[in-house]
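Colleague: Quick one: this structure, given as structure tokens, is what I'll be asking you about.
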Amino acid sequence: MLLSAEHLSINFGSRQLLDDVNFYLNEGDKVGVIGINGTGKSTLLKILLGEAEPDSGKLRMGPTVKVGYLPQIIRFSHPERNLVDTMIYDQDCSTQTARNRLAAFNFRGEDVFKPVSALSGGEQSRLRLCMLMDEKINLLILDEPTNHLDVASREWIEEAVESYEGNLLFVSHDRYFINRFATRIWMLENGQIIDFRGTFEEYRAAQERKR
């Protein structure tokens, strides 16, 4: 088991987002976290990342879990560095290795000598994914990965996620992305997590049958 939560409760001010929920993540899971705005999706990610504490309950992370996180807003500590130098300093690799890894994410030619600050939002997301994929992570957490991206950037993000073979957990409102990658759905609703094993289309069909 990669992680588990027991009797987890999360409050936001006086409002309760999650109330006494239990959940777990197993090897091979690709979970799409969905729900309307304000149900606690981003707060749940912060707790899974250790950036916030639940109001009650316990979260246990497996000893071999190595998390990679792609937030909605990408920030680099040295945006003035070019792409090659960013890879060299961050990944502790050679110039040739940096260029090979960048080429795999379609950063080629003179583009690799651009400063990171000159990249579009989609390109910065692609660069961050390039760096994450080289860190031998086994749990990739994404927060709205295709939000505000142009078509070309969305396609590159999708191809990078497609090539990733580890465990996946993501928040998204993008129905195409959810249906393409999720093999399990967590629906946050009324302070609970509805855990559905199947694709987004299968989840929607199940909801239709209930109605």
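The values are calculated or read from the model by the stated rules, or taken from the named source; none is laboratory data. Everything quoted here is computed from the prediction, not taken from an experiment. Neighbour counts run over all protein chains shown; Cβ positions are idealised from the backbone, glycine included. To get the accessible areas, we keep the full protein, side chains included, count just its heavy atoms, and leave off ligands, DNA and RNA. Shrake-Rupley method; radii C 1.70, N 1.55, O 1.52, S 1.80 Å.
Colleague: With the requirement that a residue be under 24 Å from the mean Cα position of the chain (by Cα) and open to solvent by less than 70 Å² (accessible area, probe 1.4 Å), what does the range 105-121 give you?
Modeller: So in the range 105-121, the residues under 24 Å from the mean Cα position of the chain (by Cα) come out as 105-107, 116-121.
F105, N106, F107, V116, A118, L119, S120, G121, listed by residue number.
Colleague: Here's a follow-up. State all residues of the range 156-181 that are crowded, with 21+ Cβ neighbours inside 10 Å, among the polar types (S, T, N, Q) and touching a helix residue (DSSP H, G or I) at 6+ places or on another chain (Cβ under 8 Å); if no residue qualifies, say none.
Modeller: Selection gives S172 alone.
Colleague: Follow-up question, since we're still on this one. What tally of residues in the range 81-117 results from selecting those that are in contact with a Leu (Cβ under 9 Å, 6 or more places away or on another chain) and in contact (Cβ under 8 Å) with a residue 24 or more places away in the chain?
Modeller: Of the residues in that region, 13 qualify.
Colleague: Here is a further query. What are the residues in the range 182-191 that are touching a strand residue (DSSP E or B) at 6+ places or on another chain (Cβ under 6 Å) and open to solvent by 50 Å² or more (accessible area, probe 1.4 Å), if any?
Modeller: Kept after step one, since they are touching a strand residue (DSSP E or B) at 6+ places or on another chain (Cβ under 6 Å), are these residues of the range 182-191: 182-187, 191.
Of everything in the range 182-191, just one residue is touching a strand residue (DSSP E or B) at 6+ places or on another chain (Cβ under 6 Å) and open to solvent by 50 Å² or more (accessible area, probe 1.4 Å), namely T183.
Colleague: Enumerate the pairs (first residue in the range 168-182 and more than 17 Å from I73 (Cβ to Cβ); second residue anywhere and among the charged types (D, E, K, R)) with beta-carbon separation below 6 Å, excluding pairs fewer than 6 apart on the same chain, so at least 6 apart or on different chains.
Modeller: L168/K30; N179/E201; F181/K30; A182/K30
Colleague: So, one more: Could you list all residues from the range 147-171 that are in contact with a Ser or Thr (Cβ under 7 Å, 6 or more places away or on another chain) and at pLDDT 95 or above?
Modeller: V171
Colleague: Would you mind finding the one in L48, L83 that is closer than 12 Å to I141 by Cα and open to solvent by less than 70 Å² (accessible area, probe 1.4 Å)?
Modeller: Working: L83 fails: closer than 12 Å to I141 by Cα.
Among L48, L83, only L48 is closer than 12 Å to I141 by Cα and open to solvent by less than 70 Å² (accessible area, probe 1.4 Å).
Colleague: Sticking with this structure for a sec: Can you pull out every residue in the range 132-155 that is in contact with a Lys or Arg (Cβ under 9 Å, 6 or more places away or on another chain), under 27 Å from T64 (Cβ atoms) and crowded, with 19+ Cβ neighbours inside 10 Å?
Modeller: M133, L139, D143, P145, listed by residue number.
Colleague: In the range 67-80, how many residues are among the small types (G, A, S) and either open to solvent by 50 Å² or more (accessible area, probe 1.4 Å) or over 17 Å from L132 (Cβ atoms) (or both)? So that I can check it myself, show each step before the final result.
Modeller: Applying the first criterion (among the small types (G, A, S)) to the range 67-80 yields 68, 77.
Cutting the leftovers down to either open to solvent by 50 Å² or more (accessible area, probe 1.4 Å) or over 17 Å from L132 (Cβ atoms) (or both) gives us 77.
So the count comes out to 1.
Colleague: Pick from the range 86-103 the residues that are within 19 Å of A160 (Cα to Cα) and out of contact with any helix residue (DSSP H, G or I) (no Cβ under 7 Å at 6 or more places or on another chain): which of them is least open to solvent (accessible area, probe 1.4 Å)?
Modeller: A103
Colleague: Here are some conditions: (1) farther than 27 Å from V171 by Cα; (2) among the β-branched types (V, I, T); (3) open to solvent by 60 Å² or more (accessible area, probe 1.4 Å). T64 meets all but one. Which one does it not meet?
Modeller: Among (1) farther than 27 Å from V171 by Cα; (2) among the β-branched types (V, I, T); (3) open to solvent by 60 Å² or more (accessible area, probe 1.4 Å), T64 violates only (1).
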